[in-house]
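I have placed the structure first, in the form of structure tokens, so that the comments after it can refer back to it.
What follows draws every value from the coordinates through simple rules; no lab data is involved. Predicted, not measured: the structure shown is a model, and the values here were computed from it. For neighbour counting, all protein chains shown are included, and Cβ atoms are generated from backbone atoms with ideal geometry for every residue, glycine included.
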Amino acid sequence: MGDLQNRYDVLIVGAGSAGAVIANRISENPNSSVLLIDAGPDYSHVQDTPEDLIDGNKNSVNDHDWKHQYWPTAESLITPFPRGRVTGGSSAVNTAIALRGIPEDYDGWAELGNNEWSWNKVLPAFKRLERDLDYGEADHHGDAGPITIRRHPWNELTETHQAFVETSRTLGYPDCKDQNEPYGWGTGSQPMNKLGRLRVSTAIGYLAPARARPNLLIQADTHLRRVLFEGKRATAVEVDHAGSVNRIDASLIILCTGAIQTPPALWRSGLGPRRDLEDLGVDVVADISGVGANLCDHPMVTVQILAKDPAHAAPELPLIQTVTRYSAPNSSHYPEHRNDLQIELLTWSQRENSPGVFSIAAVLEQSYGRGSVRLDSADPHAQPTIAQYFCEDDRDTLRLVANYRDALAFTQTAPLSNLIKEVLSSKITLHHSGNPSDSELATIVRQTARSGYHPCGTAKMGPSSDPQSVVDQYGRLHAVDGLVVADASIMPDVPRANTNLTSIMIGERISEFIRRSPGDYGL
């Protein structure tokens, strides 16, 4: 299907981690006309794809980015918040980490009134999306899906990552060969959706094999202005394309624009907190207080390290290869959450003018803090205001301090310590033999905590009895018809893992609902 037509059965806005999946799965039915639009460019052949999108050894943060900024904590300055603006979305620009989360994450979603998202129900979708080259024969893995996953074997690990694994053994962490084993923990190679340097994004894994279908059209460089309604039913979208404003009609409109872009899209369409919409001069279609609230993420702090040999921190090396996953110790200050902490070695520093520097990140994988995504202008190209509010909940701060201390222990223990010239921090200098106090570490945490770039939750799914829920567990908005949200924004809480694989799973799950019960979606 080559040219844009007046009306489609299904219009998908956003060709990212979930949207590309849904476009593939829904267009499997040759009787459904499907249009997939994206604000960014599209590269229909791998050989035409720019190097920054091919190279999964590092993030792409410039050429295909939305240029967002955010406030991490109350004590921090505004800082960049990279998100992919290209077909494939953030799956096309990230570090290609393919962690799933653990059963308790999804069973927790089910306990909030989303029984279709329990671990037993999402596991088949996780298996369906993956081609695991290492453990495909295992009951909890798949071996024939669109997203190829493998782990760096020992001989591919850099010297610093080998030292990190050996040091973790000295510190008492067990080896974990498969970090996606549902009940595993400890240290091992990250599961990654890359082959060599090639990042296997959803643009490559899902869109490439679907492009030849005559019932699927992919239109890039098309920015959503707003969704249009007849009464309480979504009937069309208004977009900017090729220098003009166009209208596209559809029986079903699916927003897959991500946790940062979905709230502004809904606000501009008249769906959001009434008072805020009226202040922006937007006609209110439905008063939905939860749109843009409940921003969840993984706060992290890093230990900056100067290597004895700068070659050990060369930016030509893979940025990420290994991870340690473990649980915070029991405390009267917070309940126990399994695998709520991570420690990662980043092979080289992503900060400017930091030659020979690598880092160790302490990451809080289960957090209580919540941020927000808001609009200060109805201009369809205005940047949203993103505030994370990290470390304003003491339960988060206490565990992140403990996590940071554990990360420092890696710098003081051989063999990793043998590769270190100096341990650095932007606020205080921590010498190898030093033992900073909890108050010193708390100061660092509150001033330097940053996002792990795993935003979610800003259009929370849940039953209509939850006043903060935006969509039901099938992705359908409670307040209007004909409109579905299917991306990281519907997660009620952040899983204890990088969110890309879970976002792909959401695409698989929502498309399954639509295929199984099209009448429930007006098709």
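Observations on the structure shown:
- Backbone geometry of region 489-501 corresponds, through the Karplus equation with coefficients 6.51, -1.76 and 1.60 at θ = phi - 60°, to 3J(HN,Hα) couplings of 5, 7, 4, x, 8, 6, x, 7, 5, 3, 8, 4, 5 Hz, x marking Gly and Pro.
- Charged-residue dipole, Cβ positions (Lys, Arg, Asp, Glu), region 471-523 about Cα centre, Debye nearest 20: 120
- The chain: relative contact order as a whole-number percent, Cα under 8 Å and 6+ apart: 21
- Exposure proxy for R131, R374: other Cβ atoms within 10 Å of each Cβ, ordered fewest to most, give R131, R374.
- In a simple Cβ point-charge model (Lys, Arg +1; Asp, Glu -1; nothing else charged), region 309-445 has a dipole of about 160 debye relative to its Cα centre.
- The residue among N120, S437, L341 whose Cα reaches farthest toward the positive pole of the charge dipole of the chain, with charges on the beta-carbon of Lys, Arg, Asp and Glu, is N120.
- Dipole magnitude (debye, nearest 20) for region 80-119, charges at Cβ of Lys, Arg, Asp, Glu: 440
- In order along region 163-169, phi translates into HN-Hα couplings of 5, 4, 5, 5, 5, 4, 5 Hz, rounded to whole numbers, per the Karplus curve 6.51 cos²θ - 1.76 cosθ + 1.60 with θ = phi - 60° and x for Gly and Pro.
- Here S76, S44 are placed in order of increasing Cβ neighbour count within 10 Å, fewest first, which gives S44, S76.
- Summarising the amide proton neighbourhood of D65: residues at separation of 5 or more, or on other chains, whose placed amide H is nearer than 5 Å comprise R85.
- Residues whose amide H comes within less than 5 Å of that of R131, counting only those at least five positions distant or on another chain, are G145, I147, T148, I149 (H built at 1.01 Å from N in the peptide plane).
- Listed peptides 305-317, 225-237 by packing density, highest first (mean Cβ within 10 Å): 225-237, 305-317
- Going by neighbour counts of Cβ atoms within 10 Å, the residues H454, H152, H141 line up, fewest first, as H152, H141, H454.
- Rel. contact order, % - alpha carbon contacts under 8 angstrom, at least six apart, region 386-523: 17
- Residues whose placed amide H lies under 5 Å from that of Q219, excluding near-sequence neighbours: L36, I37, D38
- Nitroxide proxy distance, nm - points 7 Å out along Cα→Cβ at A479 and H381: 2.8
- Pairs over the 23 Å Cα-Cα cut-off, from the set K127/K194; K127/K177; K67/K421; K232/K460: K67/K421.
- Rounded Å value of the spacing that divides the Cα centres of region 294-311 and region 10-28: 34
- Longest to shortest principal axis, alpha-carbon extents of region 169-279, angstrom: 62, 43, 25
- Top positive-direction residue, dipole computed over region 289-435 with Cβ charges, set C296, S377, S354: S354
- Here region 466-523 and region 203-275 have alpha carbon centers that stand 15 Å from each other.
- Whether region 386-523 is rounded, prolate or oblate, judged on the alpha carbon gyration tensor where a/c under 1.5 counts as rounded: prolate
- Across region 193-209, computed HN-Hα scalar couplings (Karplus, 6.51 cos²θ - 1.76 cosθ + 1.60, θ = phi - 60°) run 8, 8, 10, x, 8, 6, 6, 8, 7, 5, 5, 7, x, 10, 6, 3, x Hz from first to last residue, x flagging Gly and Pro.
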